[in-house]
Amino acid sequence: MMDVNEIRQYLPHRYPFLLVDRVVELNLNDSIVAYKNVTVNEPFFNGHFPDHPVMPGVLIIEAMAQAAGVLGFKTMDKTPEDGSIYYFVGSDKARFKRPVVPGDRLQLEAKILTEKRGIWKFECQATVDGELACSATIMCADRKL
């Protein structure tokens, strides 16, 4: 279990771009389960869409990538403070199945598929109340600052 204070040690993101509120399960070298509480106060809802707020798909993918980043950093036993950064370098097979709206608790899951020369590949999914919202294969690169 990781709260937002510990998560901030492993992700360089800050408000309004930190999209992981809590980690509820972490298996080093394998998988992570985290979540993002989606509230109407999110700044992106002002323009996406004012009368029918929907979380942008790119931010759902970013939230999954951030959860994957926590898994990668914890597995490597590194933090951004060590001079390492995790770049989001690609996604494949992204599919969106339901909108994510204010009041939803977006569960983020990532599983390590491969790691080669600092390039990590994760199988990710985001769900709301057990219903699939998004799935994608996400790639991240560990690089020195």
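The values are calculated or read from the model by the stated rules, or taken from the named source; none is laboratory data. Nothing here was measured: the structure is a model prediction, and the numbers come from that model. Note that we place each Cβ from the backbone using ideal geometry, even for glycine, and neighbour counts take in every protein chain shown. Calculation scope for accessible area: heavy atoms of the full protein, side chains included, ligands and nucleic acids excluded. Shrake-Rupley method; radii C 1.70, N 1.55, O 1.52, S 1.80 Å.
Summary table
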| read-out | value |
| --- | --- |
| Fraction of accessible area attributable to carbon and sulfur, the stretch 13-97 (%, probe 1.4 Å) | 51 |
| Sites matching trypsin sites (Lys or Arg not before Pro) across the stretch 55-145 that sit in DSSP coil, with at most 11 neighbouring C-beta atoms within 10 Å | R117 |
| Heavy-atom accessible area per residue - the chain, 1.4 Å, Å² | 52 |
| Estimated distance in nm for a label pair at L113 and V101, the labels positioned 7 Å out from Cα along Cα-to-Cβ | 3.2 |
| Residues in the stretch 69-99 reached by a label modelled at E131 [backbone nitrogen below 19 Å; 7 Å Cα→Cβ] | 95-99 |
| Filtered trypsin sites (Lys or Arg not before Pro), the stretch 1-73: DSSP coil and at most 16 other beta carbons within 10 Å | R14 |
| The chain: angle of helix 57-76 to the longest principal axis, Cα-based, in degrees nearest 10 | 30 |
| Carbon plus sulfur fraction of accessible area for the stretch 99-145, probe 1.4 Å, in percent | 50 |
| Listed residues S135, S31, S84, most fluctuating in the chain (Gaussian network, C-alpha, under 10 Å) | S84 |
| Theoretical gain in end-to-end length, Y15 to V40 [0.36 nm per residue, Cα-Cα removed] | 7.5 nm |
| 222 nm mean residue ellipticity, helices alone, for the chain (DSSP H n ≥ 4; -39,500 (n - 2.57); rounded to 500) | -6000 deg cm²/dmol |
